[in-house]
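Following: one structure in structure tokens, then a few remarks.
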Amino acid sequence: MNLEQRSCGVLLHITSLPGPHGIGDFGPGAYHFVNWLVSAGQSVWQLLPTTPIGPCDSPYQSVSAFAGSPMMVALEPLVQSGWLTAPALPDGGFDARRVDYGRVVPWRLTQLRAAASGFFERATSVQRAEFAAWCEKQAYWLTDYALFMALETAHAGKPWWEWSPPLRRRDAAALKVAVTEHAQEIAFWQFVQWCFDTQAASLKSYANARGISLMGDLPIFIAHHSADCWARPDLYFLDQDFQPTVVAGVPPDGFAPTGQRWGNPLYRWDKMAAEGFSWWTSRVRRALEQATLFRIDHFRGFASYYEIPSDCPTAMEGRWVPAPGKALFAAIESALGKLPIVAEDLGLITPDVIELRDSCGFPGMKILQFAFGADGTHEFLPHNYGRHYVVYSGTHDNETARGWWQNAPARERAYAGSYLAAGEHNIHWAMIRAASNSVANMAVFPMQDVLGLDGSHRMNLPGSTEGNWAWRFEWSMVGNEPGRVLGLITAGSGRGPIELLHLDQAGEA
């Protein structure tokens, strides 16, 4: 996809898709959504991270930077392959508009285990050969991940630094015994990842063939309890007990008086540089197997990152530390070619961040909800954009457009109402139209804004630990009008097929 061309898309995570099995997945609902995007003149489908969820159901705290979420594996293809009997839903079924992770996760893992048993019992020789070839190709991350998950299961979910000393230290003899002892469990996790990759590739191919590019999302940091940290503890600032000595976060600001202490271990960039940033190159290569382009989260952390002492309960005692910046992206680009990256350049952005973003040629982000707190010079107002940006009405971390309007200070609401010629009933369409008509090369809108939903439908509230990442929609919530209007705006702003304007009808749209 050419990031220099005008384009338009929708932000919707896979888990938010309709479907009968408690959470959105790579099943029929995903293909239906692609078709809907085409009918609405869109060319981009932006996702959140597709890695396994972590604490608080967050896709940004995963047990692996390389693996795919087992919850996104559709069950229908497993039934069609003859490995799984059509599953019976639990009593009462699942909520069609919210993901109940406490019920969904164990139920779906049970179905995946049944499918794995069916595969290993009944798979054809061709299927077995395909599985074996895939495992060999992905061994650079899969071997550690599958063993990590098997050991986590054997230790009843305990974090890896609480495993037996030989296993936490990755003693070669202990690992060899574990591979034999947990061979069946290792094979299960390999099978699940093969299913994920197969289904993800099929959806990507289907979307690309219809002019839809999938846009992924790459978190900058990894989780402490992860296969990545366990496999290469030397790449992180850890003490002799494998505990972080410093952790990631951001300093205090007007929104968070004590800052944000994320708790992720920080990279030993010197160690990564000594290896030519090979871990990052592998990670980006993996991301591009699943998406055409991707957003990279907390981009400013590649210019300099905020380092918090691990014994500090808040982010008030941190300091800024230089990061490798250009050297990192030059190494990745040397191996993979020009990188189709969108830089999440929000928050405290200093000149070094802007210089890094621009020198790499990455477009930045503009959020329309942030535009109305000052005057006409505000950088997030559409008339101040440059072309090399992606504009959003809001992101997964923001209120919906209608929720924002309902909760915004009176002055911001008045300014937005005047600038956009809008009120509560049409603020979502006014934001979408203003963003689409801007010169920014790409415009992306959360599905909630396309549907005009209020704040009860938001995806995530930063700083909170409950009720996030659970939103889903049903097709009964959509109807014909949202796609029709989005198509008109997209076509009229030069981001989609002009045919969607139906100008042959007496010259009227």
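Of all residues in the stretch 281-294, none are more than 18 Å from the chain's Cα centre (by Cα), under 22 Å from Gly68 (Cα atoms) and among the aromatic types (Phe, Trp, Tyr). Within the stretch 106-127, the set of residues being small (Gly, Ala, Ser) and surrounded by fewer than 17 Cβ atoms within 10 Å (Cβ to Cβ) comprises Ala114, Ser117, Ser125. If the condition is being farther than 28 Å from Cys56 by Cα, of a type in the set (Phe, Trp, Tyr) and buried (at least 16 other Cβ atoms within 10 Å of the Cβ), then the stretch 128-152 contributes Phe131, Trp134. Among the residues that make up the stretch 19-42, is at least one of them of a type outside the set (A, V, I, L, M), within 25 Å of Pro462 (Cα to Cα) and either surrounded by fewer than 19 Cβ atoms within 10 Å (Cβ to Cβ) or under 19 Å from the mean Cα position of the chain (by Cα) (or both)? Yes; the residues of the stretch 19-42 include at least one that is of a type outside the set (A, V, I, L, M), within 25 Å of Pro462 (Cα to Cα) and either surrounded by fewer than 19 Cβ atoms within 10 Å (Cβ to Cβ) or under 19 Å from the mean Cα position of the chain (by Cα) (or both). If only residues of the stretch 153-164 that are under 18 Å from Ser62 (Cα atoms), touching a residue at least 12 places away in the same chain (Cβ under 8 Å) and over 24 Å from the mean Cα position of the chain (by Cα) are counted, the one that is surrounded by the fewest Cβ atoms within 10 Å (Cβ to Cβ) is Thr153.
Only one entry in Arg170, Arg113 is part of a helix (DSSP H, G or I) and in contact (Cβ under 8 Å) with a residue 24 or more places away in the chain, namely Arg113.
Evaluated against (1) surrounded by 15 or more Cβ atoms within 10 Å (Cβ to Cβ); (2) touching a residue at least 40 places away in the same chain (Cβ under 8 Å); (3) not basic (Lys, Arg), Gly93 falls short on exactly one condition, (1). In the stretch 457-478, the residues that are assigned to a loop (DSSP other than H, G, I, E, B) reach residues that are surrounded by 21 or more Cβ atoms within 10 Å (Cβ to Cβ) and basic (Lys, Arg) with C-beta atoms within less than 9 angstrom, at least six apart or across chains, in these pairs: Asn468/Arg458. Counting residues in the stretch 124-136 that are at pLDDT 95 or above, out of contact with any helix residue (DSSP H, G or I) (no Cβ under 7 Å at 6 or more places or on another chain) and outside any helix (DSSP H, G or I) gives one or more.
For (1) closer than 30 Å to Ser7 by Cβ; (2) among the basic types (Lys, Arg), each residue gets a yes or a no:
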site	(1), (2)
Trp45	yes, no
Asp57	no, no
Arg103	no, yes
Pro106	no, no
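When Val321 is tested against (1) part of a loop (DSSP other than H, G, I, E, B); (2) touching an Asp or Glu at 6+ places or on another chain (Cβ under 7 Å); (3) not small (Gly, Ala, Ser), just one condition goes unmet, and that condition is (1).
Residues satisfying the criterion are absent from the stretch 81-88 (criterion: under 24 Å from the mean Cα position of the chain (by Cα), of a type outside the set (Phe, Trp, Tyr) and surrounded by 14 or more Cβ atoms within 10 Å (Cβ to Cβ)). Residue pairs whose Cβ atoms lie under 6 Å apart, sitting 6 or more positions apart in sequence or on different chains, and linking a residue in the stretch 124-150 that is acidic (Asp, Glu) to a partner that is surrounded by fewer than 20 Cβ atoms within 10 Å (Cβ to Cβ), are Asp144/Ala231.
The values are calculated or read from the model by the stated rules, or taken from the named source; none is laboratory data. Being a predicted model, the structure only gives us computed values, none of them experimental. Neighbour counts run over all protein chains shown; Cβ positions are idealised from the backbone, glycine included.
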